[in-house]
Each structure stands twice: as structure tokens, then as C-alpha cells.
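First comes the structure, then the notes that go with it.
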Amino acid sequence: MKVDLHSHSTFSDGMLGPEILVERAVQRGVDMLALTDHDETGGLAAAREAAAVWGIRLINGVEISVQWETVTLHVVGLCIDPAHAPLNEGLSAIRSGREQRAQRIAASLAEAGIPGSLEGARRYAKNPELVSRAHFARYLVEAGHARDTNAVFRSYLTPGKPGYVPHQWAGLAEALAWISGSGGVAVLAHPGRYPLNQQQCERLL
């Protein structure tokens, strides 16, 4: 069985709509797919309809941005109930914070001599509530400020660089409560990405 438990659609920073994402998964031989958009469950209904058509098992998921000590983490919730009110309210609050962060990123880039970045990033964001750093990165590549998105992050969107804006996300315990309260299972996303030493990793786990 081929399983993919971490994927994104255009409801966050993915490149494909939920229906096309499901179709692509089927074409790649995936038997079980979790749609885990950043701080958003709006694509799940369309993905579930497509999954029924294509005969693939769809797992309701979400990827929540959280703050733990001084580190931003991503926690994937699997088998969640997307109708769970506390989860929806929490995700809505995070999306509101994302919009404020996007405006601050654009202001920081403008100070560095790159105007119009928010408008450019919005062209890549199908969901107006979720303009992310990935959308800024795609625009900056298009505008010729870097050769690829990895170069954008290194030069503009990481700590100490113009365009980086710290942000206070949901608390880790808070996000875990939303996931478990909705009947889901919490998983630490891409654990190798975080700047943590061994003691911090042990404390986090």
C-alpha cells in the first residue's frame, strides 16, 4: 500500500486544487491520501468527493502552525473532524494572524527595495486568507530576485534577512487539544527541519 499523509492543495500553499491533487495521487499509485493544508480544512469536502470518484481512501487532515518556546513548529492532525468547533475557531484565528504577518513581510521587503510583493504573492494564493512565505517566494523568483524558492528563503525569508517577520502562532498544547478534541491524532511534521539540539528534541517530544 502506498500512503501519503502530508499534502497541500491550493487552499493553502499547494499548486493543485483538491480534486486535481486527488487525481494526481491516484495517477502516482497512492492508495491512501491525507489532505493536510496549512491551518485550513476548506479543501476537504472537494477532496472527499474526488476520492469517492477515484476509489482512493482520503484522511481528513490539517497542518497547524504552532509556537513552542522560541521555535515555530508544524503539527499535522490526522483523522480530524473538520466540523469540530474549537478546531475551526482556532484555525480561523491563525489565518487572521497570517494576513497580518503577510502585510508585515511586504513592508519589510519594500524597505529592502522590493515593492509590490504582497500583490505579487496574492497572485499565487488561491485562498486570500492564506498568503504564506511560499507565495512570497514564488513571486520573488518570478520578479527575478532569486533563481529559485530555496534561494529566496536563504536570502529573504529566514531570521536575520529582509522579509523575515517573527510571528506568535498558536501554543503547542492548544493545537494538540484541538486535534485530540476533534478525534484526531497529532504528528510532528518534518522533524528534521527545526533548529533543535538533542536536549530540546527530547523536551519537545
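The values are calculated or read from the model by the stated rules, or taken from the named source; none is laboratory data. Keep in mind the model is a prediction, meaning the values are calculated, not measured. Counting neighbours? That spans all protein chains shown, and the Cβs are built from the backbone with ideal geometry, glycine included. To get the accessible areas, we keep the full protein, side chains included, count just its heavy atoms, and leave off ligands, DNA and RNA. Shrake-Rupley method; radii C 1.70, N 1.55, O 1.52, S 1.80 Å.
The table for this structure:
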| quantity | calculated |
| --- | --- |
| Surface accessible to a 1.4 Å probe, per residue, for the residues of the chain, Å² | 49 |
| Placed amide H near LEU35: partners under 5 Å, 5+ positions off or other chain | ILE59, GLY61 |
| Amide H within-cut-off set for GLU40, under 5 Å, with H built and near neighbours excluded | GLU63 |
| Rg(Cα) / (2.2 N^0.38 Å) computed for segment 1-104, rounded to two decimals | 1.10 |
| For the chain, with +1 on Lys and Arg beta carbons and -1 on Asp and Glu, the positive-most of GLY144, HIS8, ALA45 along the dipole | GLY144 |
| Mean Cα-pair separation over length for segment 53-150, i.e. relative contact order, pairs under 8 Å, 6 or more apart, % | 16 |
| Heavy atoms of TRP54: accessible area, 1.4 Å probe, square angstrom to 10 | 120 |
| Alpha-carbon centroids, segment 107-132 and segment 15-78: separation in whole Å | 24 |
| Accessible carbon and sulfur surface of the chain relative to its total accessible area, %, 1.4 Å | 53 |
| Which label in [x] 9, 32, 35, 21, 3, 0; [y] 7, 26, 22, 12, 13, 12, 6, 1, 0; [z] 7, 29, 32, 19, 8, 4, 1, 0 gives the computed P(r) over Cα pairs in 10 Å bins from 0, in percent | [x] |
| Label point distance in nm, MET32-ASN197, each placed 7 Å from Cα along Cα→Cβ | 3.8 |
| Relative contact order (%) - the chain, alpha-carbon pairs under 8 angstrom, separation at least six | 21 |
| Where GLU23, GLU49 fall by accessible area, highest first, once all protein chains stay in place (1.4 Å) | GLU49, GLU23 |
| Estimated [θ] at 222 nm from DSSP helical runs (n ≥ 4, -39500 (n - 2.57)) normalised by residues in the chain, nearest 500 | -13000 deg cm²/dmol |
| Kirkwood-type radius of segment 94-187, with distances r between different C-alpha atoms, in Å | 14.2 |
| Top of PHE153, PHE136, PHE11 by mean-square fluctuation, Gaussian network on the chain, Cα under 10 Å | PHE153 |
